[in-house]
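I have placed the structure first, in the form of structure tokens, so that the comments after it can refer back to it.
The values are calculated or read from the model by the stated rules, or taken from the named source; none is laboratory data. Predicted model only: the values in this text are computed from it and were never measured. Cβ placement follows ideal geometry from the backbone for every residue including glycine, while neighbour counts extend to all protein chains displayed. Ligands, DNA and RNA are excluded from the accessible area calculation, which covers all protein heavy atoms including side chains. Shrake-Rupley method; radii C 1.70, N 1.55, O 1.52, S 1.80 Å.
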Amino acid sequence: MNGLAIGFDFEPLLELLAMAALVGAVPLLAWQWRHRGDTAARRLRALTVLATFLTFDLILIGALTRLTDSGLGCPDWPGCYGSASPIGAKAEILAAQTAMPTGPVTHGKAWMEMLHRYMAGGVGFLLVVLAGLSWWVWWRGRRTGEATPSPWWATLSLAWVLVQGLFGAWTVTMKLFPAIVTLHLLLALGLLMLLAWQAESYAPKPLRWPAGLRRAVLAFTGLAIAQVALGGWVSTNYAVLACQDFPTCQGQWLPPTDFQHGFTLWRELGRGAHGDWLPFEALTAIHLAHRAGAMVMFAALLALAWALWRQDGQSGPGGQGAGGEGRRWARRLLAVGGWQLASGLSNVVLGWPLVAALAHTGGAAALLLMCAILLARLRAGRSSTVIEPAAQRAGLLTMGSK
């Protein structure tokens with residue numbers, strides 16, 4: 001665990017915080033201008049939606065950083081060789097690149113890594129503003145007797161992004177330790193889902209579907225998270241090209257595998273639990289586990305889409321009265337499922353092209369985003385709370401009372 005402290009240099013921290021505020025201020029000013037006449041709850045929802053959108057972008061930038069091998073472009077944290085940007089670290093980067101021309105440190109990789117950090121700081125800045133504004137609206141509502149959104153959602157989002165930033169630091173200082181990198185990705189996706197749920201809570205669109213269908217959506221979400229975790233483990237171990245054909249792998253239906261080494265979680269990149277080189281059979285096992293999970297996932301997606309499609313054809317609450325929501329959600333799931341199938345196969349048969357890899361990450365994020373929205377609307381549909389018309393017109397909806 002000593003590796004957790006290696007590479008921490010807080011000297012440029014104030015400059016980086018200023019950069020984060022600058023990056024976050026641009027979309028914040030646009031939000032302020034666009035929603036200057038809205039109610040407090042609508043402004044909070046708009047800011048949450050903005051933070052959700054930028055978090056989705058941040059996930060893609062993080063994937064691009066990983067896929068271009070730029071994760072160690074600046075091998076310290078939070079700055080780059082003690083500077084707030086690669087400009088101040090020009091000499092150090094040049095020396096590292098000269099010593100190892102094909103190594104992890106180049107000017108391009110340093111800029112890619114710092115762009116990811118600047119963007120992460122900007123999202124963090126927005127969440128600080130969102131948490132502060134949420135508490136101010138809640139405090140004002142207590143004085144006036146108005147129903148106001150709970151500030152704890154925004155506070156949880158802020159705490160979450162701080163933990164996410166800590167794992168980002170460990171990603172660098174622990175030299176792309178696979179378990180840390182995978183958790184960093186999963187935390188980013190968790191933040192995306194949390195923000196989506198929070199945005200839905202400001203303006204609920206209840207879905208009153210049967211309990212069995214609600215449980216099916218919840219189970220599917222759990223399965224999706226597990227499959228995304230497997231995909232992250234494939235990516236962080238660079239196991240995508242362990243199988244370069246489909247539906248077979250290495251020309252065989254059952255090639256040699258080593259699941260024990262492949263799924264030893266606490267180990268260095270490319271190494272086994274005892275420091276020896278990771279055998280190729282371990283990478284094959286990682287790849288095949290994700291491929292098997294994809295088959296289960298796609299079957300579950302088809303089953304859920306079919307159940308949602310049938311839901312609109314049934315009478316009673318949640319049936320025809322749902323306005324075709326079941327079929328709309330079925331189409332959305334099928335679209336994302338098809339996107340993931342096409343991009344995943346492209347990664348294998350086309351040799352892991354960058355555009356396909358980014359598309360696959362984006363599809364995974366979109367799927368979990370949809371699951372979060374769907375679960376939030378189903379939870380709203382279970383609530384028996386009736387919002388008063390005046391409060392509904394004002395957009396001041398109580399959260400956390402469900």
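What the table below lists for this structure:
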{"quantity": "Residue in the stretch 154-172 that is in a helix (DSSP H, G or I), more than 27 Å from residue 8 (Cβ to Cβ) and touching a Leu at 6+ places or on another chain (Cβ under 8 Å) present", "calculated": "yes"}
{"quantity": "Flag for residue 129 being within 23 Å of the chain's Cα centre (by Cα) and buried (at least 22 other Cβ atoms within 10 Å of the Cβ)", "calculated": "no"}
{"quantity": "From 235, 157, residue being in contact (Cβ under 8 Å) with a residue 24 or more places away in the chain, buried (at least 17 other Cβ atoms within 10 Å of the Cβ), over 19 Å from residue 293 (Cα atoms) and among the polar types (S, T, N, Q)", "calculated": "157"}
{"quantity": "Filter result (crowded, with 19+ Cβ neighbours inside 10 Å and among the basic types (Lys, Arg)) within the stretch 37-59", "calculated": "43, 45"}
{"quantity": "Where residue 244 falls short, out of the listed (1) in contact with a Gly (Cβ under 6 Å, 6 or more places away or on another chain); (2) open to solvent by 60 Å² or more (accessible area, probe 1.4 Å)", "calculated": "(1)"}
{"quantity": "In the stretch 60-71, the residues that are open to solvent by 20 Å² or more (accessible area, probe 1.4 Å) and among the polar types (S, T, N, Q)", "calculated": "68"}
{"quantity": "The stretch 338-367, subset open to solvent by less than 40 Å² (accessible area, probe 1.4 Å) and among the aliphatic types (A, V, I, L, M), residue nearest to residue 189 (Cα to Cα)", "calculated": "365"}
{"quantity": "Residue check, residue 13 within 21 Å of residue 86 (Cα to Cα) and either touching a strand residue (DSSP E or B) at 6+ places or on another chain (Cβ under 9 Å) or modelled with pLDDT under 90 (or both)", "calculated": "yes"}
{"quantity": "Contacts under 8 angstrom Cβ, first residue in the stretch 239-251 being over 14 Å from residue 289 (Cα atoms) and of a type in the set (Ser, Thr, Tyr), partner modelled with pLDDT under 95 and surrounded by 11 or more Cβ atoms within 10 Å (Cβ to Cβ), 6 or more apart", "calculated": "none"}
{"quantity": "Given (1) modelled with pLDDT of 95 or more; (2) open to solvent by less than 40 Å² (accessible area, probe 1.4 Å), index of the condition residue 150 fails", "calculated": "(1)"}
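Residue by residue, here is whether (1) open to solvent by 30 Å² or more (accessible area, probe 1.4 Å); (2) touching an Asp or Glu at 6+ places or on another chain (Cβ under 7 Å) holds:
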residue	(1), (2)
73	no, yes
79	no, yes
83	no, no
86	no, no
90	yes, no
93	no, no
100	yes, no
103	no, no
113	no, no
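This table checks each residue for (1) over 21 Å from residue 66 (Cα atoms); (2) part of a helix (DSSP H, G or I); (3) within 25 Å of the chain's Cα centre (by Cα).
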site: 206; (1), (2), (3): yes, no, yes
site: 233; (1), (2), (3): no, yes, yes
site: 245; (1), (2), (3): yes, no, no
site: 261; (1), (2), (3): yes, yes, no
site: 268; (1), (2), (3): no, no, yes
site: 281; (1), (2), (3): yes, yes, no
site: 295; (1), (2), (3): yes, yes, yes
